[in-house]
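To start, the structure itself, in structure tokens.
The values are calculated or read from the model by the stated rules, or taken from the named source; none is laboratory data. For clarity, every value in this text was computed on a predicted model and none was experimentally measured. Note: ideal-geometry Cβ built from the backbone for every residue, glycine included; neighbour counts use all protein chains shown.
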Amino acid sequence: MAVQISFNEKFYKSDDIKNGRIIKRFFRQLTTNVFKMSDKYSRQYKEISNDNENEIPLLYGERNLYSLFASAVNAITPMHLSEWGFNKNNSDNVDKNRRVDLWCLYKNGQSSNPINFYIELKTGWYCLNSRSKPPIEKRVKTAINNLIDQLRSLKNNIKPKWNDFDDVYLGLMMIHGYYSKGNERYSENDLVTSINDTLDKRTVKNYLISTLTFPDDISAQWEENNCRFISIIGIPIVS
């Protein structure tokens, strides 16, 4: 199975946000690692298990992806934690407590300052069947909004400020593009339009898209449906 990775920065202006260039570099490294490690997992699985079925870890749910993403982060920096809790003034108020899916400390070269990356991850589905409208489910739109709200709460209410390093709050929305045979219709413009309609422009000024595309029919764990692509939307939270 060939790995085809594309990177879309059409909707991202590095100089519009603080550390914009570093965020783009980090996102590209991270998502490339995720896709390549998923492919390595699939190939190793076939060798070790003698099972010729496609086993693609990226098609599992959010909590099952932490291991893969932690491995991808570790290839960039060894300083990372998952499901770490943050608390403001030891408060019991739920608005003053927040866990983050992944934290890492990243330094882009010897001359740059270290940056805390606080990362939240969610998954969703995009239907490629032409008869299905809308292509993005309501649950996906809800997931994107929840992703943004969680990071805004961490940024604005709790304000971790570890060691006075710069902070980046990055939402990762993973979307699986699935279809039934004979009904596939896909355009990246359709996906982008759906994402644009969902995002709150007051909070999200820029976003990035990294996509893994499968050239052949990949049924894997889904049995009745095939997967054409997996896109990761990178959403830096600025307010």
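Just to verify a result, which residue in the stretch 167-183, among those that are modelled with pLDDT under 90 and closer than 21 Å to Thr123 by Cβ, is surrounded by the fewest Cβ atoms within 10 Å (Cβ to Cβ)?
The residue in question is Ser180.
So Ile5 ticks every box in (1) outside any helix (DSSP H, G or I); (2) touching a strand residue (DSSP E or B) at 6+ places or on another chain (Cβ under 8 Å); (3) at pLDDT below 90; (4) over 29 Å from Phe165 (Cα atoms) but one. Which box is left unticked?
(3)
Which numbered condition in (1) at pLDDT below 90; (2) among the hydroxyl-bearing types (Ser, Thr, Tyr); (3) in a helix (DSSP H, G or I); (4) farther than 26 Å from Asn206 by Cα is the only one that Ser132 fails?
Of everything listed in (1) at pLDDT below 90; (2) among the hydroxyl-bearing types (Ser, Thr, Tyr); (3) in a helix (DSSP H, G or I); (4) farther than 26 Å from Asn206 by Cα, Ser132 misses just condition (3).
For Ile195, indicate whether it is modelled with pLDDT of 85 or more and either closer than 16 Å to Asn8 by Cβ or touching a helix residue (DSSP H, G or I) at 6+ places or on another chain (Cβ under 6 Å) (or both).
No.
Could you list, in sequence order, all residues of the stretch 34-86 that are aromatic (Phe, Trp, Tyr) and within 22 Å of Ile209 (Cα to Cα)?
Phe35, Tyr60, Tyr66, Phe69
Give the stretch 8-39 a look and list any residue that's assigned to a loop (DSSP other than H, G, I, E, B) and either in contact with a helix residue (DSSP H, G or I) (Cβ under 6 Å, 6 or more places away or on another chain) or of a type in the set (S, T, N, Q) (or both), or say none.
Correct list: Asn19 only.
Name the residue, out of Ile115, Ile144, Ile119, Ile148, that is surrounded by 17 or more Cβ atoms within 10 Å (Cβ to Cβ), at pLDDT 85 or above and more than 20 Å from Ile233 (Cβ to Cβ). Don't jump to the end; show me each part of the working.
Values: Ile144 fails: more than 20 Å from Ile233 (Cβ to Cβ); Ile119 fails: more than 20 Å from Ile233 (Cβ to Cβ); Ile148 fails: more than 20 Å from Ile233 (Cβ to Cβ).
Criteria check complete, one pass: Ile115.
From the residues in the stretch 40-64 that are among the charged types (D, E, K, R) and either assigned to a helix (DSSP H, G or I) or modelled with pLDDT of 85 or more (or both), which one is farthest from Tyr178 (Cα to Cα)?
Ranking the candidates gives Glu47 first.
Answer yes if at least one residue in the stretch 50-58 is in contact with a strand residue (DSSP E or B) (Cβ under 6 Å, 6 or more places away or on another chain), touching a residue at least 40 places away in the same chain (Cβ under 8 Å) and buried (at least 18 other Cβ atoms within 10 Å of the Cβ), and no otherwise.
As a first pass, look at the stretch 50-58 and keep what is in contact with a strand residue (DSSP E or B) (Cβ under 6 Å, 6 or more places away or on another chain): 58.
If we keep only those that are touching a residue at least 40 places away in the same chain (Cβ under 8 Å) too, we end up with 58.
Going one step further and asking which of them are buried (at least 18 other Cβ atoms within 10 Å of the Cβ), we end up with 58.
Within the stretch 50-58, one or more residues are in contact with a strand residue (DSSP E or B) (Cβ under 6 Å, 6 or more places away or on another chain), touching a residue at least 40 places away in the same chain (Cβ under 8 Å) and buried (at least 18 other Cβ atoms within 10 Å of the Cβ).
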